[in-house]
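Notes to accompany the following structure.
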Amino acid sequence: MQGQPTERFQRGTVSFVRRDNRLRPRLQRTWDAHHQRWVLDVPRVQASMSVAPGYLLDPVRDFGRVAPLVVEIGSGTGDAIVQGALARPGTNFLAVEVYRPGLALTVAKIVRHDLTNIRLVHADALQVLEHMLGWGSAAEVWVFFADPWHKNRHHKRRLVNPGFAELTASRLALGGTLRLATDWADYARQMRDVLAACGSLSNPYAELTPPSPGGAVSVDLETGFAPRFEGRVMTRFEQKALASGRTIYDLELRRA
């Protein structure tokens with residue numbers, strides 16, 4: 001699965017950094033025994049996190065059935081997507097993650113709960129959205145606690161930008177839902193405003209302030225956020241954020 005990055009892929013700004021992919025011995029044994037069943041073997045274009053153009057997710061081939069599809073971008077150790085798969089056995093779930101230890105822990109949870117409705121892909125999320133998912137193929141897309149890249153000089157690496165909004169909207173079925181959560185207020189407002197500018201998405205929680213004397217309509221800094229998504233399991237990361245006094249912001253948008 002590993003390869004040498006192409007020049008094009010290396011020059012593109014990505015929203016992740018490469019980390020240590022080594023596994024502890026017990027987790028390595030679980031990975032070796034089970035990953036071939038649950039982790040999709042996608043073709044690459046040299047770069048290890050790429051997806052070859054033309055390779056589409058096939059629900060019958062990859063899941064053994066046709067069912068509504070939920071895609072989690074940055075699934076981490078799998079807490080949210082495993083909980084979702086347990087609660088919604090009639091739904092197919094696709095976990096997208098670049099860090100192998102997170103994928104391995106997700107595989108371990110799949111095996112522990114004897115789940116059959118999750119598949120994983122070890123790839124860059126934008127590559128998955130662009131090449132693996134067809135137009136209108138996803139009922140929901142989840143992005144929970146993406147790296148906020150909080151320094152100003154790193155904001156260009158944030159996942160949620162206008163290009164991401166348009167691409168993700170095109171992969172959602174009509175009426176499909178994009179769900180996001182973050183504990184970083186600046187990123188929450190940026191995500192809200194970027195997604196509000198996408199004509200293919202609508203925010204049922206958006207509220208406009210009255211026009212100013214000059215006639216301009218503005219969005220209040222604290223409007224547009226949704227109630228906490230009940231399907232998002234409380235993780236240790238979120239507990240630590242709350243314990244540190246940070247606010248959790250949820251966003252929910254629909255494919256118009």
* To do: Can you pull a Stokes-Einstein diffusion coefficient for the stretch 7-255 at 25 °C (0.890 mPa s), Rh from Kirkwood over Cα pairs, as a whole number of µm²/s?
  => 129
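Rounded, prolate or oblate: which fits the stretch 119-208, taking a ≥ b ≥ c as square roots of the Cα gyration tensor eigenvalues, rounded meaning a/c under 1.5, else prolate when a/b beats b/c?
oblate
Contact order normalised by length for the stretch 7-255, with contacts defined as Cα pairs under 8 Å and 6 or more residues apart; what percent is it?
Result for the stretch 7-255 is 18 percent.
Going by average Cβ neighbours within 10 Å, how do the peptides 22-30, 34-42 rank, with the highest at the top?
So the peptides 22-30, 34-42, ranked by packing, come out 34-42, 22-30.
FYI, it's all coordinate maths here, none of it is from the lab. Quick caveat, the model's predicted, so the values are computed rather than measured. Note: ideal-geometry Cβ built from the backbone for every residue, glycine included; neighbour counts use all protein chains shown.
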